[in-house]
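Enquirer: Could you have a look at this structure, given as structure tokens, before my questions?
Readers should treat all values here as calculations from the given coordinates under stated rules, not as data from a laboratory. Quick caveat: nothing in here was measured; it's all calculated off a predicted structure. With ideal geometry, Cβ positions are generated from the backbone for all residues, glycine too; neighbour counts draw on all protein chains shown.
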Amino acid sequence: MAYRVIPVTPFAQNCTLIWCPETREAAVVDPGGDMELIEQAIAQEGVQVKQVLLTHGHIDHAGASATLARQLGVSIIGPHRADQFWLDGLEQQSAMFGFSQVEGFLPDRWLEDGEQVQVGNLTLDVVHCPGHTPGHVVFVDKANQMAQVGDVLFQGSIGRTDFPQGDHATLIDSIKNKLFPLGDEIRFVPGHGPESTFGHERKTNPYVSGRWG
């Protein structure tokens, strides 16, 4: 897998352009805003975007999805259907967080745990990881030991659970029982901040390493 992280929105959300080096087919993961930055990255890398992939329905991850998909003529894939209420409320989210007006939408395809998404010759496994939001999914390229985890896990921290239908215990369970068993060597791009590995976080992250209770 080849990829390029594109920080977007006032929340510095890690939108990621991922592509298959063999076919140059690409996907945009979590285009939250700043369309011009995303389009510039696509042009600079010379790849052909085939789909938009969403980890969850918060506006800093999904806000530009409809506009980008329409301009590129591609489908929106994900998240899990349990996040539909977040996507239905994008207009309210934009007012709440001071975003410019966004287009509401429904994905062309909802995702379920255990499904797969193809990006060229890359195979991404879909892991449903609720807790931050009920419909949050993670995309894992096992062959290249790489994951896009959205706001489930960060370097040294975890996702917030104080938004509607967030749940701390569920989030911890998702991390410990769905992500960490995939292997310490897997590197991940989080929704915000620097990259890390599951192994590093399993050993050092105070929220999930056992250091805080």
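Enquirer: For residues that are part of a strand (DSSP E or B) and of a type in the set (V, I, T), scanning just region 83-122, find the one that is surrounded by the most Cβ atoms within 10 Å (Cβ to Cβ).
Expert: At the first step, the residues of region 83-122 found to be part of a strand (DSSP E or B) are 109, 116-119, 122.
From what's left, of a type in the set (V, I, T): 117, 119.
Details: V117: 19, V119: 22.
Looking at the filtered set, the residue picked out is V119.
Enquirer: Between T16, T23, T67, which is assigned to a helix (DSSP H, G or I) and not hydrophobic (A, V, I, L, M, F, W, C)? Reasoning before the result, please.
Expert: Numbers: T16 fails: assigned to a helix (DSSP H, G or I); T23 fails: assigned to a helix (DSSP H, G or I).
None of the others qualify; the one that does is T67.
Residues are listed down the side, and each one gets a yes or a no for (1) among the polar types (S, T, N, Q); (2) more than 17 Å from L122 (Cβ to Cβ); (3) in contact (Cβ under 8 Å) with a residue 24 or more places away in the chain:
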| position | (1), (2), (3) |
| --- | --- |
| M1 | no, no, yes |
| V8 | no, yes, yes |
| V29 | no, no, yes |
| G33 | no, yes, yes |
| A41 | no, yes, yes |
| Q44 | yes, yes, no |
| V47 | no, no, yes |
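Enquirer: Which of (1) more than 26 Å from L153 (Cα to Cα); (2) free of Cβ contacts under 8 Å to residues at least 12 places away in the same chain; (3) not basic (K, R) is the odd one out, the single condition M96 does not satisfy?
Expert: (1)
Enquirer: Right, another one. Out of region 159-204, which residues are more than 20 Å from V140 (Cα to Cα) and not small (G, A, S)?
Expert: Narrowing region 159-204 to residues more than 20 Å from V140 (Cα to Cα): 160-169, 203-204.
Scanning region 159-204 gives R160, T161, D162, F163, P164, Q165, D167, H168, K203, T204.
Enquirer: Residues of region 101-141 being charged (D, E, K, R) and out of contact with any Ser or Thr (no Cβ under 8 Å at 6 or more places or on another chain), which ones? I'd like the intermediate steps shown before the answer.
Expert: Step one: list which residues in region 101-141 are charged (D, E, K, R), which gives 103, 108-109, 112-113, 115, 125, 141.
E112, D113, E115, D125, listed by residue number.
Enquirer: Those residues that are farther than 13 Å from I186 by Cα and without any contact (Cβ under 8 Å) to a residue 60 or more places away in the chain, I need them from region 135-151; list them, please.
Expert: Correct list: empty.
Enquirer: Quick test for you: out of P194, P107, P190, pick the one residue that is of a type outside the set (G, A, S) and in contact with a Pro (Cβ under 9 Å, 6 or more places away or on another chain). Give the derivation first.
Expert: Details: P194 fails: in contact with a Pro (Cβ under 9 Å, 6 or more places away or on another chain); P190 fails: in contact with a Pro (Cβ under 9 Å, 6 or more places away or on another chain).
None of the others qualify; the one that does is P107.
One line per residue, one yes/no per condition, for (1) out of contact with any Cys (no Cβ under 9 Å at 6 or more places or on another chain); (2) within 24 Å of L87 (Cα to Cα); (3) touching a residue at least 24 places away in the same chain (Cβ under 8 Å):
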site: D162; (1), (2), (3): yes, yes, no
site: G166; (1), (2), (3): yes, yes, yes
site: L171; (1), (2), (3): no, yes, yes
site: P181; (1), (2), (3): yes, no, no
site: D184; (1), (2), (3): yes, no, no
site: G199; (1), (2), (3): yes, no, no
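Enquirer: Now a separate question. Any idea which residue in region 103-121 is farthest from H80 (Cα to Cα), counting only those that are in contact with a strand residue (DSSP E or B) (Cβ under 6 Å, 6 or more places away or on another chain) and aliphatic (A, V, I, L, M)? Steps first, answer last, please.
Expert: Start the filter on region 103-121 by keeping residues that are in contact with a strand residue (DSSP E or B) (Cβ under 6 Å, 6 or more places away or on another chain), which leaves 107-109, 111, 113, 115-117, 119-120.
Filter once more, keeping what is aliphatic (A, V, I, L, M): 111, 117, 119.
Values: L111: 5, V117: 13, V119: 19 Å.
Across region 103-121, the extreme among qualifying residues is V119.
Enquirer: Take the residues of region 48-79 that are of a type in the set (V, I, T) and in contact with a helix residue (DSSP H, G or I) (Cβ under 9 Å, 6 or more places away or on another chain): which is surrounded by the fewest Cβ atoms within 10 Å (Cβ to Cβ)?
Expert: Among those residues, the one meeting the criterion is T67.
Enquirer: Here's something else I'd like to know. Among the residues of region 168-194, which ones are surrounded by fewer than 16 Cβ atoms within 10 Å (Cβ to Cβ) and either part of a loop (DSSP other than H, G, I, E, B) or of a type outside the set (V, I, T) (or both)?
Expert: H168, A169, D173, K176, N177, P181, G183, D184, E185, R187, G193, P194
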